[in-house]
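The values are calculated or read from the model by the stated rules, or taken from the named source; none is laboratory data. Because the structure is a prediction, the values reported are computed rather than measured. Quick reminder, even Gly has a Cβ in these numbers, built from the backbone with ideal geometry, and neighbours come from all protein chains shown.
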Amino acid sequence: MDQFIPQLEPCPVCEAKGTCHIHDYYGRNIIDFRYGHLVKDNLCIMRVFCDNCEHAHAVLPDIIIPYSSYGLFFVLRVLAEFFAHLHTVEQICERYNISENQLRKWISLWKLHKEQWLGLLNDSETSDLALLKRLCSKDKFSSFSQEFTLHMSHTFLQSHRNPILKRPANARYHQHAFSPDYDIW
C-alpha cells in the first residue's frame, strides 16, 4: 500500500484517470487464527475519492473478504480442515469459535465459487482439497484473486451482493484487483 498512488489508477466506477486521491482511512477488524489461537486484528483501510463521479472507494488487501469480519486465510484454513477430514464438524466449530451454520455457509459458498471458476466439468474433476492447496501455494493466491474478481465482479468467498449505486445514473459497482507490490510468502 505504501506504493499505491491513487492518481495513477482509473476510478473503478467512471474509469476517469487522474481524478482519485486519498480521502481518509478507517479501522477494520479482522478475525484470524495464529499460533493455535483466535486473533482479532485492526487493519488500517485506505479510502480514495474520485473528483469526477464523487464516489469513495475502499482499497482492500486481498486477505479481506468484503462484508466479512473473518480473514480470507482464516476461512480457507477452516475449509481445509473440513475437506481434509482432520476433525469433526463439531470440533472444527469449537476450535474456531464459529457456528455450524457459519461453516455450512462457507462450504456452500466455496462450492459455488469453485464451480463458477472451474466450470462444471473441471469442478467435478478437481477435489476441494486439491484446489485449496493450489490456491495457498506460493505466488498463486494473489493472481487467482485478481482473475476471479475481474471475471466474476465480486471477491472470492464474498457472500453479500455488491451495493447498487444511485449516482451518477450510469454508475455501476465495480471491484478492481490491483497487483501486489510485494510477495507475502
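Yes or no: the stretch 83-100 includes at least one residue that is of a type in the set (Gly, Ala, Ser) and either touching a Pro at 6+ places or on another chain (Cβ under 6 Å) or more than 23 Å from Glu147 (Cα to Cα) (or both). Give the derivation first.
Going through the stretch 83-100, the residues of a type in the set (Gly, Ala, Ser) turn out to be 84, 99.
Okay, now just the ones that are also either touching a Pro at 6+ places or on another chain (Cβ under 6 Å) or more than 23 Å from Glu147 (Cα to Cα) (or both), so 84, 99.
Yes - at least one qualifying residue is present in the stretch 83-100.
Under 8 Å between Cβ atoms, which residue pairs at least 6 apart in sequence (or on different chains) link something in the stretch 120-146 that is farther than 19 Å from Glu81 by Cβ and of a type in the set (A, V, I, L, M, F, W, C) with a partner that is modelled with pLDDT under 85 and assigned to a helix (DSSP H, G or I)?
If the second residue must be modelled with pLDDT under 85 and assigned to a helix (DSSP H, G or I), the pairs left are Phe144/Leu135.
Among the numbered conditions (1) assigned to a loop (DSSP other than H, G, I, E, B); (2) loosely packed, with under 10 Cβ neighbours inside 10 Å, tell me where Val13 comes up short.
(2)
So, in the stretch 16-25, of the ones that are assigned to a strand (DSSP E or B) and without any contact (Cβ under 8 Å) to a residue 24 or more places away in the chain, which residue ends up farthest from Leu76 (Cα to Cα)? Please lay out each step first, then the result.
Step one: of the stretch 16-25, the residues assigned to a strand (DSSP E or B) are 17, 20-25.
If we keep only those that are without any contact (Cβ under 8 Å) to a residue 24 or more places away in the chain as well, we get 17, 24-25.
Details: Lys17: 35, Asp24: 30, Tyr25: 27 Å.
Only one residue fits best here, namely Lys17.
Every residue in the stretch 114-140 that is surrounded by 12 or more Cβ atoms within 10 Å (Cβ to Cβ) and modelled with pLDDT under 70, please.
Across the stretch 114-140, the qualifying residue is only Lys140.
Name the single residue, out of those in the stretch 65-118 being at positive phi and touching a residue at least 24 places away in the same chain (Cβ under 8 Å), that is nearest to the chain's Cα centre (by Cα). Can you show your working first?
Going through the stretch 65-118, the residues at positive phi turn out to be 67, 85, 97.
Now restrict to residues that are touching a residue at least 24 places away in the same chain (Cβ under 8 Å): 67, 97.
Numbers: Tyr67: 9, Asn97: 21 Å.
That would be Tyr67.
Can you find a residue in the stretch 57-66 that is hydrophobic (A, V, I, L, M, F, W, C) and farther than 25 Å from Ser137 by Cβ? Lay out the reasoning, then the answer.
In the first step, residues of the stretch 57-66 are kept if they are hydrophobic (A, V, I, L, M, F, W, C); the result is 58-60, 63-65.
Narrowing further to those that are farther than 25 Å from Ser137 by Cβ: 58-59.
Within the stretch 57-66, one or more residues are hydrophobic (A, V, I, L, M, F, W, C) and farther than 25 Å from Ser137 by Cβ.
Can Ser159 be described as modelled with pLDDT under 75, small (Gly, Ala, Ser) and either surrounded by 13 or more Cβ atoms within 10 Å (Cβ to Cβ) or assigned to a loop (DSSP other than H, G, I, E, B) (or both)?
Details: modelled with pLDDT under 75: no; small (Gly, Ala, Ser): yes; either surrounded by 13 or more Cβ atoms within 10 Å (Cβ to Cβ) or assigned to a loop (DSSP other than H, G, I, E, B) (or both): yes.
So Ser159 does not fit the description; no.
Of all residues in the stretch 27-52 being within 14 Å of Ser68 (Cα to Cα) and of a type in the set (Asp, Glu), which is surrounded by the fewest Cβ atoms within 10 Å (Cβ to Cβ)?
Among those that are within 14 Å of Ser68 (Cα to Cα) and of a type in the set (Asp, Glu), it is Asp41.
Quick one: which helices (runs of 4 or more DSSP H) lie wholly within the stretch 49-133 and hold at least 3 residues that are under 19 Å from Ser159 (Cα atoms)? Explain how you work it out, then say what you get.
Details: elements: 72-83, 89-96, 100-125.
Output list reads 72-83, 100-125.
Looking only at the stretch 1-13, which residues are modelled with pLDDT of 85 or more and either within 12 Å of Phe49 (Cα to Cα) or in contact with a helix residue (DSSP H, G or I) (Cβ under 6 Å, 6 or more places away or on another chain) (or both)?
If the condition is that a residue be modelled with pLDDT of 85 or more and either within 12 Å of Phe49 (Cα to Cα) or in contact with a helix residue (DSSP H, G or I) (Cβ under 6 Å, 6 or more places away or on another chain) (or both), then Pro6, Gln7, Glu9, Pro10, Cys11 are the ones that fit.
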